[in-house]
Amino acid sequence: MILMYHHIAPAERIPRDREIHQAEGWDFTVTPESLDFHLSHLRRKGFEIVSFSTYLEGLETGARHQVAITFDDGWADNFEFALPVLEKNDAAALFFLVSQPLEGIPASSRMTAEQVASLLARGHTIGAHTRKHATLPLLTADEQKKEIRGSREELENEFATRVDYFAYPGGAFDVTVAEVVKESGFRAACCSIPGGKNSTGSRYWLSR
């Protein structure tokens, strides 16, 4: 099982301005207390929280009761509020990052390069989420390649680390887009389809 999160923040930190709320996807917010409960509850139920790479290995070997944790978009609150919960629960996570500034989104809403580097130093992993959070099926073939391959190259150059995993912005993808991701050298990709049973055959549209 793969869990997908976006914002992690107390209720009082959720913007009341409707435009900001919608632009930054605050409908998808989980409190730090809820995240802590999710992780501890899974462990009580006999699940093992593993790194994303270990989860993929488990698909190959048939391992059961493994959970990988993912965060989309690279919001600053992930560092402020999610990281302490992850460390409390000794859980490594995969953070899917957009590699360029987002139009209309202040830089203060997103993790800084220093914070991302700190995540990596603490044993977490980063993945690509396109360059500008593009809706990939709406782009031309050339634009798709630039968004997908470009995000990987930019993140690898900035943080001097391999970027092997990809997540489709908004969960939007099709067979053509998935093939571009595969051809771009990614080992796996996550979508937003809930409840599916992941397998080696669904490596480029892993359910979360």
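One line per residue, one yes/no per condition, for (1) among the polar types (S, T, N, Q); (2) open to solvent by 70 Å² or more (accessible area, probe 1.4 Å); (3) at pLDDT below 95:
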site	(1), (2), (3)
Thr112	yes, no, no
His124	no, no, no
His129	no, no, no
Asp142	no, yes, no
Glu158	no, yes, no
Asp164	no, no, no
Phe186	no, no, no
Tyr204	no, no, no
key: Selection from the range 1-55 of residues that are among the β-branched types (Val, Ile, Thr) and farther than 20 Å from Gly127 by Cα   = Ile14, Ile20, Thr29, Val30, Thr31
request  = For the range 117-132, state whether one or more residues are over 30 Å from Arg13 (Cβ atoms) and in contact (Cβ under 8 Å) with a residue 40 or more places away in the chain.
outcome  = no
Residue among Ala63, Ala68 that is within 14 Å of Thr125 (Cα to Cα), outside any helix (DSSP H, G or I), aliphatic (A, V, I, L, M) and in contact with a Phe, Trp or Tyr (Cβ under 9 Å, 6 or more places away or on another chain) = Ala68
When residues of the range 112-139 are limited to those that are among the aliphatic types (A, V, I, L, M) and in contact with a strand residue (DSSP E or B) (Cβ under 8 Å, 6 or more places away or on another chain), the one farthest from Asp77 (Cα to Cα) = Ala128
query = Does Ala178 qualify as being assigned to a loop (DSSP other than H, G, I, E, B), aliphatic (A, V, I, L, M), open to solvent by less than 30 Å² (accessible area, probe 1.4 Å) and modelled with pLDDT of 95 or more?
reply = no
inquiry  = Restricting to the range 43-53, count the residues that are open to solvent by 20 Å² or more (accessible area, probe 1.4 Å) and outside any strand (DSSP E or B).
reply    = 7
query = When you go through (1) touching a residue at least 24 places away in the same chain (Cβ under 8 Å); (2) more than 24 Å from Glu147 (Cα to Cα); (3) crowded, with 18+ Cβ neighbours inside 10 Å one by one for Gly74, which number turns out not to apply?
reply = (2)
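The values are calculated or read from the model by the stated rules, or taken from the named source; none is laboratory data. Keep in mind that this is a model prediction, so the values were computed, not measured. All Cβ positions, glycine included, derive from the backbone under ideal geometry; neighbour counts span all protein chains shown. Each accessible area value is taken on the protein alone, full model and side chains, heavy atoms only, with ligands, DNA and RNA left out. Shrake-Rupley method; radii C 1.70, N 1.55, O 1.52, S 1.80 Å.
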